[in-house]
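Working notes, structure below.
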Amino acid sequence: MFLTFLISVPLVANWLDQAERHFFGVKPGVTIAGENLGGLLADEVRLAVEELAVREQVLPLEPRLDKQTGTIIPGRNGRILDIENTVSRILSATESQRLKPEMITIYPRYTAADLQKIKRVLGYCETGVSGTYQRHSNISLASSAVNNTVVWPGEVFSFNETVGPRTPERGYLPAPVILMGGGGMDFGGGVCQVSSTIYNAALSSGLRIVERHPHSRPVRYVPAGRDATVNYGYLDLKILNNRPEPVIIKCGLSRGRVWASVYGGGE
């Protein structure tokens, strides 16, 4: 008799579970986004919808500029799943009903028109480039990576995040660098001249410098105290856009000089 009782407990529990799902669960054959939810209870439906929300989420994209041409690329709307409404619809769905996710559109904060207003030069700097072909090549790569970067109000421009690692796989070549107060060779040598030029343009534009590091010895291309060395993953140049409108950082190498401009709106 005791053995019969032990066997009957799981059977009763299983029967009760099936009964609960029959009377209170989602109706048979109800699907959403191709997934069958029939028989699920309310807590299980919520978990399934929350997992679906992660898969369906699309973040909005702000407008930006083409790195080479400066042409405005329009932003893109995003979307998030309306979890509460979707759960409610699933629980009240009729048998074999096919549901679509209830999505909420998320719009970019800014528009292409906001970028069209950015025409005034706030700050400018240029520095003469010397040295090897490899150094010129590295400076050109880094300048192109920064060129036409949009920095939104309250956003921080990071040189390292924008330019990325200075590796041979990304086209960077070994060139002279300053190491521990002395000289040496490393991939990306010369990139610090780009960051220093941008630093001076940012200073003259009134943007706030969040992070900046001097070289361990003076450099030739900017006055003393006006340099900004960078080392990916270690030393960065970070600039906060403390203005009410977006700014655009333009940068390039031409006629033996690297230049940087900060553009903003207003008169």
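One residue alone among Val156, Val210, Val151 is within 21 Å of Leu115 (Cα to Cα), open to solvent by 30 Å² or more (accessible area, probe 1.4 Å), of a type in the set (Val, Ile, Thr) and touching a strand residue (DSSP E or B) at 6+ places or on another chain (Cβ under 6 Å), and that residue is Val156.
Could you tell me which residue of the stretch 72-127 is farthest from the chain's Cα centre (by Cα), considering only residues that are under 30 Å from Pro223 (Cα atoms) and open to solvent by 40 Å² or more (accessible area, probe 1.4 Å)? Quick ask: steps written out before the conclusion?
Our first condition is that a residue be under 30 Å from Pro223 (Cα atoms); within the stretch 72-127, this holds for 118-127.
Adding the requirement that they be open to solvent by 40 Å² or more (accessible area, probe 1.4 Å) leaves 119-121, 124, 126.
Details: Lys119: 25, Arg120: 26, Val121: 26, Tyr124: 26, Glu126: 29 Å.
By that ranking, first place goes to Glu126.
Keeping to the stretch 239-267, report how many residues are surrounded by fewer than 16 Cβ atoms within 10 Å (Cβ to Cβ) and either touching a helix residue (DSSP H, G or I) at 6+ places or on another chain (Cβ under 6 Å) or basic (Lys, Arg) (or both). Counting residues in the stretch 239-267 that are surrounded by fewer than 16 Cβ atoms within 10 Å (Cβ to Cβ) and either touching a helix residue (DSSP H, G or I) at 6+ places or on another chain (Cβ under 6 Å) or basic (Lys, Arg) (or both) gives 2. Selection over the stretch 151-170 of residues that are in contact with a helix residue (DSSP H, G or I) (Cβ under 7 Å, 6 or more places away or on another chain) and β-branched (Val, Ile, Thr) gives a count of 2. Regarding the stretch 47-61, can at least one residue be identified that is under 30 Å from Cys251 (Cβ atoms) and of a type in the set (A, V, I, L, M, F, W, C)? Taking every residue of the stretch 47-61 in turn, at least one turns out to be under 30 Å from Cys251 (Cβ atoms) and of a type in the set (A, V, I, L, M, F, W, C).
The values are calculated or read from the model by the stated rules, or taken from the named source; none is laboratory data. Here the structure is a predicted model, which is why all the values come from computation and not from measurement. Here the Cβ is made from the backbone with ideal geometry for all residues, glycine too, and neighbour counts use every protein chain on show. The area values use the complete protein model at the heavy-atom level, side chains included, leaving out ligands, DNA and RNA. Shrake-Rupley method; radii C 1.70, N 1.55, O 1.52, S 1.80 Å.
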